[in-house]
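Engineer: Mind having a look at this structure? Questions to follow.
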Amino acid sequence: MIKQKDNTDNQTPQIKICGITRVSDALSCAELGVNALGFVFYPKSPRYVDQNKVLEISQALPKEIKTVGVFVDESFSSIMQTVEKCGLSAVQLHGSETPQLAAELCKENLIVIKALFLEKSPSIEEAKNYEASAFIVEYGKGALPGGNALSWDWEKAKTVGENYPLILAGGLAPDNISTAISICSPDAVDISSGVESSYGIKDIGKVESFISIVSGCALTKTTRRIF
């Protein structure tokens, strides 16, 4: 496990906005105070974005914003080629990747996030098999590996958060995020469809509302800084 610093100065979850496809959206999110932005490199996703666009976006961002590449069952060499081309800070493995692949990527001085699912493998119970900087936990039911806007029983993620840095995802929106945070006290939250006007196009008003609500959600534990 890559050691992360305790976020002792701020007892609220960090925020990742995923499915970014436009420079303007990325800059607006950065100005509003997000910690990380996610870019989907899964070709079947309606939020898919190519390397050249991500490079353009990442070069426009402040250095403190972490850039996260989201991959589904890609090889080590393919992931690293994208990391190097786009200057990514982190990789998110959102498929059925092996513990061996996650361990290899952890050696590359990257933030490595592994997805675990309630409804499919790798399951929440498989966290112990992986070396990772953090686990993103979501429903795993729907046509896509993520971004299906389906709410679920967020309490199921609590066991992961008790032992590892936890990112909560899946069906989150401004109108339910305070409830979700109160249920499982995640170290970070990840949202995509819940702040969109259409696939890959962010509604900045919703983003601002989401960030404002998360920032007001005090946790009873010391959060582990992921980004």
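Engineer: Taking the residues in region 162-204 that are within 26 Å of PRO46 (Cα to Cα) and of a type in the set (Asp, Glu) as candidates, determine which candidate is surrounded by the most Cβ atoms within 10 Å (Cβ to Cβ).
Structural biologist: This residue is ASP190.
Engineer: Moving on. Please determine whether any residue of region 118-136 is polar (S, T, N, Q), crowded, with 19+ Cβ neighbours inside 10 Å and under 25 Å from LYS156 (Cα atoms).
Structural biologist: yes
Engineer: So, of the residues in region 93-117 that are in a helix (DSSP H, G or I) and either in contact (Cβ under 8 Å) with a residue 60 or more places away in the chain or among the charged types (D, E, K, R) (or both), which turns out to be surrounded by the fewest Cβ atoms within 10 Å (Cβ to Cβ)?
Structural biologist: So the residue we want is GLU104.
Engineer: Provide a single number: the residues in region 43-57 that are buried (at least 19 other Cβ atoms within 10 Å of the Cβ) and either in a helix (DSSP H, G or I) or aromatic (Phe, Trp, Tyr) (or both).
Structural biologist: So the count comes out to 2.
Engineer: Of all residues in region 71-92 being farther than 20 Å from ARG225 by Cβ and outside any helix (DSSP H, G or I), which is nearest to the chain's Cα centre (by Cα)?
Structural biologist: PHE71
Engineer: Something else about it: Taking the residues in region 4-23 that are out of contact with any strand residue (DSSP E or B) (no Cβ under 9 Å at 6 or more places or on another chain) and among the hydroxyl-bearing types (Ser, Thr, Tyr) as candidates, determine which candidate is modelled with the highest pLDDT.
Structural biologist: THR12
The values are calculated or read from the model by the stated rules, or taken from the named source; none is laboratory data. On a predicted model such as this, the values are computed, not experimentally measured, just so you know. A quick note on method: Cβ atoms are made from the backbone with ideal geometry, for glycine too, and the neighbour counts reach across all protein chains shown.
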